[in-house]
Amino acid sequence: MARAQSSGGNRVDDIPLARRASPLRKPSRRELKLIALFSLLLAIFLVVFSFTVFSKFVKPGFVGGNVAPSADGRLLGHFPYQEVSKDSLIAVYPGLEIHRDTYEALRAMRSAAVSDGVNLVLLSGYRSIDLQKQIFYGRKSARNQIAIERAKVSAPPGYSEHSTGYAIDLGDATRRDTDLEVEFETTRAFRWLKENAARYHFVLSFPKGNPQKVSYEPWHWRFEGTVEALRLFETANEFRRAQGSFR
Ligand SMILES: [Zn+2]
């Protein structure tokens with residue numbers, strides 16, 4: 001008001017302030033480029049940020065979630081295996097069956113070990129996919145309960161070498177405290193197996209740092225002494241070779 005009075009009713013001063021403000025001018029090319037660059041950087045930042053947050057909180061291999069087999073057919077590192085037909089199995093003792101061919105080779109291997117003063121204990125052999133299901137999902141089974149409680153079973157049902165009848169878990173009769181434990185590697189039985197098992201066509205399925213990334217199981221051996229057995233484990237062996245792994 002003071003200004004309007006002093007300028008004596010000048011027309012310009014009568015125009016409301018809002019109207020006098022200059023209209024939005026068009027941004028220059030340089031400014032447009034800067035805006036585009038800024039938007040692009042913001043978009044990149046958002047994508048990277050959300051991916052980082054997502055991968056931090058969503059752990060792969062979560063059992064019970066949507067675990068899907070990888071492109072090579074593996075699930076949690078394990079290859080799929082079908083159940084062996086019942087007539088190929090032989091009962092070593094009640095509740096423990098293995099494939100006939102595994103049995104023959106194991107018998108020969110055990111007696112050779114005995115003559116070297118080593119007593120190998122057969123802890124587990126064939127497991128049906130149904131039993132594997134009970135073990136994997138932690139349900140108790142009346143049969144084989146001790147083995148189930150102690151077994152560090154990582155293979156999902158349908159993906160266990162034990163379903164083939166060719167996989168066995170071995171212990172040392174003088175070191176039963178190491179049954180199904182990594183400490184089994186400190187036993188005489190394990191040292192003997194490392195030296196001699198290959199002669200009987202037994203292979204350590206999950207050595208330390210195996211390319212399948214399954215946890216180290218010094219007690220778990222698979223028999224590969226027949227064409228049928230070799231054919232079953234070909235995918236796993238091929239994978240090993242492709243990864244430039246031992247053997
Ligand atoms: Zn096993």
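The values are calculated or read from the model by the stated rules, or taken from the named source; none is laboratory data. Values in this document were obtained by computation on a predicted structure and should not be read as measured data. Positions of Cβ are backbone-derived with ideal geometry, glycine not excepted, and every protein chain shown enters the neighbour counts.
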task: Report the residue count in segment 105-138 for those that are of a type in the set (D, E) and closer than 14 Å to E161 by Cβ.
output: 0
query: When you look at L204, is it under 21 Å from the mean Cα position of the chain (by Cα) and either buried (at least 16 other Cβ atoms within 10 Å of the Cβ) or within 16 Å of the ligand (Cβ to nearest atom) (or both), yes or no?
result: yes
Candidates E195, E238, E234, filtered to the one that is more than 23 Å from the chain's Cα centre (by Cα), assigned to a helix (DSSP H, G or I) and surrounded by fewer than 17 Cβ atoms within 10 Å (Cβ to Cβ): E195
- request: Scan segment 151-161 and give yes if some residue there is more than 16 Å from the ligand (Cβ to nearest atom) and either in a strand (DSSP E or B) or among the hydroxyl-bearing types (S, T, Y) (or both), otherwise no.
  value: no
- request: Read through the list (1) modelled with pLDDT of 95 or more; (2) β-branched (V, I, T); (3) in contact with a strand residue (DSSP E or B) (Cβ under 9 Å, 6 or more places away or on another chain); (4) in a loop (DSSP other than H, G, I, E, B), then give the number of the only condition that T174 fails.
  value: (3)
- prompt: Is there any pair with a first residue in segment 147-170 that is at pLDDT below 95 and a second that is within 12 Å of the ligand (Cβ to nearest atom) and in a helix (DSSP H, G or I) whose Cβ atoms are under 6 Å apart and which are 6 or more apart or on different chains, and what are they?
  reply: I148/I135; V153/I135; P157/Q132; S160/Q132
message: Looking at segment 13-28, can you tell me whether even one residue there is part of a helix (DSSP H, G or I), at pLDDT 60 or above and of a type in the set (A, V, I, L, M, F, W, C)?
response: no
- line: The lone condition V214 fails out of (1) surrounded by fewer than 21 Cβ atoms within 10 Å (Cβ to Cβ); (2) more than 22 Å from Y81 (Cβ to Cβ); (3) within 16 Å of the ligand (Cβ to nearest atom) is (2)
